[in-house]
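Colleague: Can you keep this structure in mind? I'll have questions shortly.
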Amino acid sequence: MYERCLEAVRRETNGERTLADVRAIAGFHRIQASPGYDAAAAWLESALRAAGYAAERFSVPADGRTRCLGFPMPEGWRCRHARATLHGAGGAEAAADFASAPLSIVQRSDSGQGRWPLIVLESLQALEHADVRGKVVLTGSPVQRVHERAVVVHGAVGIVSDGRRLMPPVRTAEHDRESLCYTSFWWLADRPRGWGVVVSPARGAQLRARLAAGERIDLEVSFACERYTGEIPIVSTTLLGTLPGEILVTGHLCHPQPGANDNASGAAAVRETARVLAALAATGELGEPRRTVRFLWMPEFTGTYAWLAGDPLRAARTVAAINL
C-alpha cells in the first residue's frame, strides 16, 4: 500500500509548479506583523481559493502585549522609508536603503533623522571606558543588547551592525563576506526604541580600518518607521478524512525578502503537498479510512503558539505534525 501511494505522489508532484510558488512567496518582504507578511498571506489565500480549496483565516492581535502560551505576539511594524549615507574623506557613500535592500536596516527600527560621527564598539565591555554619547556605534554584538546598553544607558544615538551568528564549520568568519545578515529588534511593551543600519562583514572591516587610520566618518540617516496595533493572519486549509484526529503539516510563511529557504520553500512545499494529496484523494488513490490533514501557514513560532492557544481542542486533535 505504501509503495503504491508513494508512486502516485511521485507522478502527481510538480517541481516547476512548486518553484513558481517559491518565487512568488519570496517576492514579499514577510517580516512578522508587517504589511509584507499580510500581503503574502493574502496571496496564499487567493491562490488556495483559485485552486478550489476552502481557505480559512485565523487572526491574532499584533500588539506586543498579547501572550499566547506565555509568548508575546509581535507588534505591528511598517517602514515607509529608511535611508542611510556615510560621509567620509572621499565624500558621500550610500550605506542603506530599505526600498532596494530591506535587510540593509535592522528590522523593526524606530524613526530617526540626523547626522552623527561613527565610532567602533568592539564589545559591550568596552562601554566601561568608551564615550559613545551622541555617536553611532559600529558593532558586531547582538543589536538588542547593544541598544539596551549603548543607546539607552550610555547615550549612543544608533547602531551600525556587521554582526552575525557564526556556526563553524558551516559558517565561519570567512563565509559570505559581502552578504547582509537578517537582523532585527524584538521590542516588548513600551521599552525605549531605537534604529540600526546593517552592513556586510566586508564593509564593516573596511569601516573599522578607516576609523583606525584616523578618518572621520559620519552617518546620516532618514528613517520613517511606524509601530501599530493590528492582526497577524494565520492561513489554513484541510483535506477531510473519516478517522478522528488531525495530521498537521506546517510551514512558516514569514521572513525577509527573498528568504527562499527561510521559508518560502517550506511554505511552497506545504502548498504542493496539499495539492498532491487532494488530487490523490479525488481519484481514490489515498484510500479509506484516513485521518484529516490540516495544512497551516503562519509566522514562525508565534503563529503556532497563537493557533494552539486559540482553541485548546486543536492540540488534543493533533495526532502527528510535520514542520517544513
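Colleague: If DNA, RNA and ligands are ignored and the probe is 1.4 Å, what is the ranking of Tyr305, Tyr53 by accessible area, most exposed first? Walk me through the numbers on the way to the answer.
Modeller: On the way: Tyr305 70, Tyr53 45 Å².
In descending accessible area the options line up as Tyr305, Tyr53.
Colleague: Let me ask another. Could you state how much accessible area Met1 has, in square angstrom rounded to the nearest 10, with a 1.4 Å probe and all protein chains kept in place?
Modeller: 120
Colleague: Something else now. Relative to 2.2 N^0.38 Å, what does the C-alpha radius of gyration of segment 41-142 come to as a ratio? Two decimals please.
Modeller: Numbers: Rg = 20.6 Å, N = 102, 2.2 N^0.38 = 12.8 Å.
With N residues counted in segment 41-142, Rg over 2.2 N^0.38 Å equals 1.61.
Colleague: Also: In debye, nearest 20, what is the charge dipole magnitude of segment 107-252 about its Cα centre with +1 on Lys and Arg Cβ and -1 on Asp and Glu Cβ, if you could check? Working shown, then result.
Modeller: Details: 17 positive and 16 negative charges, 59 e Å.
Once rounded to the nearest 20, the dipole reads 280 debye.
Colleague: With a/c under 1.5 counting as rounded, go ahead and sort segment 118-160 into rounded, prolate or oblate using the C-alpha gyration tensor (a ≥ b ≥ c being the square roots of the eigenvalues; past the cut-off, prolate if a/b is larger than b/c, else oblate).
Modeller: On the way: a/c = 1.11, a/b = 1.08, b/c = 1.04.
Rounded.
Colleague: Still on this structure: Check Gly259: other-chain or 5+ apart residues with amide H under 5 Å from its amide H, H built from backbone geometry?
Modeller: none
Colleague: While we're looking at this one, here's another question. For segment 154-166, what does the Karplus curve 6.51 cos²θ - 1.76 cosθ + 1.60, with θ = phi - 60°, yield as ³J(HN,Hα) per residue in whole Hz, taken in order and with x for Gly and Pro?
Modeller: 9, x, 5, 9, x, 10, 10, 10, 10, x, 6, 7, 9
Colleague: How much of the accessible area of segment 235-288, in percent, comes from carbon and sulfur atoms when a 1.4 Å probe is used? Write out the running numbers ahead of the final one.
Modeller: Working: 1140 of 1890 Å².
The C+S portion of the solvent-accessible surface of segment 235-288 is 60 percent.
Colleague: Could you please report the charge total around Arg193, scoring K, R as +1 and D, E as -1 over all other residues with beta-carbon less than 14 angstrom from its beta-carbon?
Modeller: On the way: positive: Arg78, Arg108, Arg191, Arg227; negative: Glu75, Asp110, Glu148, Asp190, Glu226.
Combined, the nearby Lys, Arg, Asp and Glu give -1.
Colleague: Work out from phi, with θ = phi - 60° and the Karplus expression 6.51 cos²θ - 1.76 cosθ + 1.60, the ³J(HN,Hα) of each residue of segment 208-215, listed in order in whole Hz, and give x for Gly and Pro.
Modeller: Once rounded to whole Hz, the list reads 4, 5, 5, 5, 5, 7, x, 6.
Colleague: Could you report the chain's accessible area per residue, 1.4 Å probe, as an integer in Å²?
Modeller: Working: 15330 Å² over 324 residues.
Dividing the accessible area of the chain by its residue count gives 47 Å².
Colleague: May I pose another question? Only four residue types carry charge here, +1 at the Cβ of Lys and Arg and -1 at the Cβ of Asp and Glu. Report the dipole size of segment 158-221 about the Cα centre in Debye, rounded to the nearest 20.
Modeller: Details: 10 positive and 8 negative charges, 34 e Å.
Taking the Cα centre of segment 158-221 as origin, the dipole is about 160 debye.
Colleague: While we're here: Compute the whole-percent fraction of alpha carbon pairs in segment 177-324 spaced more than 28 Å apart.
Modeller: Numbers: 4829 of 10878 pairs.
For segment 177-324, the share of Cα pairs beyond 28 Å comes to 44 percent.
Colleague: What's the magnitude of the charge dipole for segment 45-122 around its Cα centre, counting Lys and Arg as +1 and Asp and Glu as -1 at the beta-carbon? Answer in Debye, nearest 20. Spell out each step's value before the answer.
Modeller: On the way: 9 positive and 8 negative charges, 48 e Å.
Once rounded to the nearest 20, the dipole reads 220 debye.
Colleague: Loop-only check: which GluC sites (Glu not before Pro) in segment 66-158 are DSSP coil with at most 14 other Cβ within 10 angstrom? If you can, show how the numbers build up before the last one.
Modeller: Values: sites: Glu75, Glu93, Glu122, Glu128, Glu148; in loops: Glu75, Glu122.
Listed in order of number, the matching sites are Glu122.
Colleague: Here is a follow-up. Rounded to the nearest percent, how much of the accessible area of segment 27-96 (1.4 Å probe, protein heavy atoms only) is carbon and sulfur? Could the numbers behind the result be given before it?
Modeller: Details: 1610 of 3030 Å².
Whole-percent figure for carbon plus sulfur exposure: 53.
Colleague: Averaging over every viewing direction, what projected area does the convex hull of the Cα atoms of segment 191-260 cover, in nm²?
Modeller: Details: hull surface 39.9 nm².
For the Cα atoms of segment 191-260, the hull's average projected area reads 10.0 nm².
Colleague: Of Leu240, Trp195, Ala282, which is farthest on the positive side of the dipole of segment 172-316, counting Cα position, with +1 on Lys and Arg Cβ, -1 on Asp and Glu Cβ, and the Cα centre as origin?
Modeller: With unit charges placed on the Cβ atoms, the residue in question is Trp195.
Colleague: If you plug each phi of segment 88-102 into the Karplus form 6.51 cos²θ - 1.76 cosθ + 1.60 with θ = phi - 60°, what whole-Hz ³J(HN,Hα) values come out, in order, with x for Gly and Pro?
Modeller: Coupling constants for segment 88-102: x, 4, x, x, 7, 9, 5, 10, 7, 7, 4, 5, 9, 8, x Hz.
Colleague: Could you tell me which of rounded, prolate or oblate describes segment 1-100, using a ≥ b ≥ c as the square roots of the eigenvalues of the alpha-carbon gyration tensor, with rounded for a/c under 1.5 and, failing that, prolate when a/b is larger than b/c and oblate otherwise?
Modeller: It comes out oblate by the Cα gyration axes.
Colleague: Shifting gears a bit: If you add up the charges near Ala268, with Lys and Arg at +1 and Asp and Glu at -1, over every other residue whose beta carbon is less than 14 angstrom from its beta carbon, what do you get? Please report the intermediate quantities before stating the final value.
Modeller: Values: positive: Arg17, Arg23, Arg30, Arg271, Arg275; negative: Glu16, Asp21, Asp262, Glu272.
With Lys, Arg at +1 and Asp, Glu at -1, the net is +1.
Colleague: A further question on this structure: Can you give the direction-averaged projected area of the convex hull of the alpha-carbon atoms in the chain, in nm²? Kindly include the intermediate steps, with their values, before the conclusion.
Modeller: Numbers: hull surface 76.0 nm².
For the chain, averaging the hull's shadow over all directions gives 19.0 nm².
Colleague: Amide H to amide H, which residues 5 or more places from Ala156 or on other chains are under 5 Å from it, using H placed in the peptide plane?
Modeller: When sequence neighbours closer than 5 places are left aside, the close amide H contacts are Gly134, Val151.
Colleague: With the dipole of segment 161-267 worked out from charges on the C-beta (+1 for Lys and Arg, -1 for Asp and Glu) around the Cα centre, which of Gly230, Ser265, Gly214 lies farthest toward the positive end?
Modeller: Gly214
Colleague: Between Leu121, Leu48, Leu166, which gets the highest mean-square fluctuation from a Gaussian network model of the chain, Cα cutoff 10 Å?
Modeller: It is Leu166.
Colleague: A further question follows. Between Ser111 and Tyr2, 0.36 nm times their residue separation minus their Cα-Cα distance comes to what? Display every interim value, and only then the final one.
Modeller: Numbers: separation 109, 0.36 × 109 = 39.24 nm, distance 5.62 nm.
In short, 33.6 nm is gained.
Colleague: A follow-up question, please. Sort out for me the Cα centre separation of segment 109-182 from segment 7-76, rounded to whole Å.
Modeller: Cα centres, segment 109-182 to segment 7-76: 32 Å.
The values are calculated or read from the model by the stated rules, or taken from the named source; none is laboratory data. Source: prediction; values computed, not measured. Here the Cβ is made from the backbone with ideal geometry for all residues, glycine too, and neighbour counts use every protein chain on show. Heads up: the accessible areas ignore ligands, DNA and RNA and are worked out on the full protein's heavy atoms, side chains in. Shrake-Rupley method; radii C 1.70, N 1.55, O 1.52, S 1.80 Å.
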